[in-house]
1. What FRET efficiency do you get for ARG84 and ASN180 if R0 is 35 Å and r is their Cβ-Cβ distance, rounded to the nearest 0.05?
2. Report, in listed order, any pair from LYS336/LYS377; LYS152/LYS377; LYS214/LYS332; LYS156/LYS327; LYS315/LYS371 with a Cα-Cα distance greater than 32 Å.
3. Report the gain in length on full extension from ILE74 to ARG118: 0.36 nm times residue separation, minus Cα-Cα distance, nm rounded to one decimal.
4. Within a Cβ distance under 14 Å of HIS380, other residues only, what is the Lys/Arg minus Asp/Glu net charge?
5. Size of the dipole of the range 95-201 about the Cα centre, Lys and Arg at +1 and Asp and Glu at -1 on the beta carbon, nothing else charged, in debye to 20?
6. Quick one: net charge of THR205's neighbours, Cβ under 13 Å, K/R +1, D/E -1?
7. Under a plain spin-label model, where a point goes 7 Å from the Cα along Cα-to-Cβ, how far apart in nm are VAL308 and GLU63?
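Just so you know, all these numbers are worked out from the coordinates, no wet-lab data involved. This one's a predicted model, so the numbers in the text were calculated from it and none came from an experiment. Neighbour counts are summed over all protein chains in view; Cβ atoms, including those assigned to glycine, are modelled from backbone coordinates with ideal geometry.
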Amino acid sequence: MACLTTLLQERIHCGPDRDTAACLPSGKVQPCCGGEWELQTKFIREALLMSSEIIRYHGFPSEEYEVTTEDGYILAFSRIPAGRNSQNTGMTYKESLRPPVLLHHGILGDATHWIANRPNNSLGFVLADAGYDVWLGNSRGNTWSLKHKTLKPCQKEFWQFSFDEIGKYDIPAELNFIMNKTGQKNVYYIGHSEGSAAGFIAFSTYPDLSQKIKAFFALAPVITTTHATSPLVMFTQLPQPLIRYVSQGLRSFILSQRWISAFITFLLCLQSRTDSYIGHYPAGTSVQNVIHCIHSGLFPVLQTAPPVYKIEEIKIPIAVWSGGQDKFADPKDMAKLLPRITNLIYHEHFPIWGHLDFIWGLDATEKMYLKIIELLKKYH
């Protein structure tokens with residue numbers, strides 16, 4: 001256990017703003033915990049890396065940015081400007097002619113969700129190798145987006161947001177930043193779970209912005225949760241006084257503690273991708289966001305005055321993927337969404353897929369990612 005303690009101390013000492021790869025012990029192999037340090041760090045290295053470090057770890061170029069929303073949140077932003085074998089690294093977008101794609105994660109997630117598997121099984125890497133300029137967003141309140149112009153995470157006002165604000169402020173800020181940075185007038189948008197819901201909010205709220213989206217790809221979109229059976233749903237079904245107590249006691253639903261993730265990873269120590277997944281998930285959000293997401297959704301559910309989003313007015317070409325074993329984006333709820341999409345260009349349903357198979361499934365490249373690339377080319 002001494003080797004794990006040393007590694008955790010290294011990570012905690014380094015902090016989220018320093019290069020983790022540089023902080024991790026280097027090549028020298030030392031006897032430790034009945035084995036070798038190199039073997040131990042093999043399984044937990046990626047679980048402790050930031051998105052930019054994971055990108056470089058797999059041989060891709062990486063860039064990091066921050067974007068400030070209209071209401072003052074400062075969001076971390078990762079970019080994969082080229083593939084592993086590209087000769088365009090360092091060129092401007094116009095020189096490289098790589099179409100920009102924004103990928104946005106779901107609830108309690110972060111940018112690493114798109115690069116958690118090996119390069120041939122991670123959508124972010126697959127798109128970069130296919131010739132796209134890949135941008136990975138982070139919603140307000142997750143591990144990497146805990147800054148604000150005037151507020152601090154220790155203030156309750158910082159956490160007074162839900163997916164409404166993510167859609168109204170975070171997504172537009174990210175898209176406008178991409179267009180300003182690259183000089184391009186159009187962007188593709190891919191969202192998973194709440195990331196899809198945020199897309200529907202942004203594009204129905206701002207028609208001018210929606211005209212700049214070439215195509216919208218919604219993976220397991222959570223639009224209403226009437227039939228959902230996820231543990232998050234069970235949480236919001238607790239007595240209201242208890243939920244209020246949790247809300248007051250925890251400004252954030254989970255302010256991700258990296259050392260806890262690393263400890264769980266060490267205990268698992270599986271020769272799989274479980275270490276990478278747990279190292280970055282959950283990545284945090286507000287209690288208000290979780291409760292709003294479950295009790296409201298984009299379709300009013302037992303609400304007296306919920307926000308109303310006119311999905312039917314979105315003219316963007318939209319492709320949707322759904323799963324038969326999805327406990328959060330239930331097929332019955334999905335059936336309410338599809339008829340409201342006026343420009344539905346594609347829908348595919350995978351009977352055995354759950355909510356996370358769309359981003360972490362080892363068969364996702366063959367079953368879905370290649371189709372996404374086909375549609376990206378079609379709507380170029």
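1. Values: r = 27 Å, r/R0 = 0.77.
Given R0 = 35 Å and the Cβ-Cβ separation, E is 0.85.
2. Flagged as over cut-off: LYS152/LYS377.
3. Numbers: separation 44, 0.36 × 44 = 15.84 nm, distance 2.92 nm.
Answer, rounded to one decimal: 12.9 nm.
4. That sum, taken over residues with Cβ under 14 Å, equals +3.
5. Computed charge dipole of the range 95-201: roughly 260 debye.
6. Once all neighbours under 13 Å are counted, the net charge is -4.
7. Between VAL308 and GLU63, the label points sit 4.2 nm apart.
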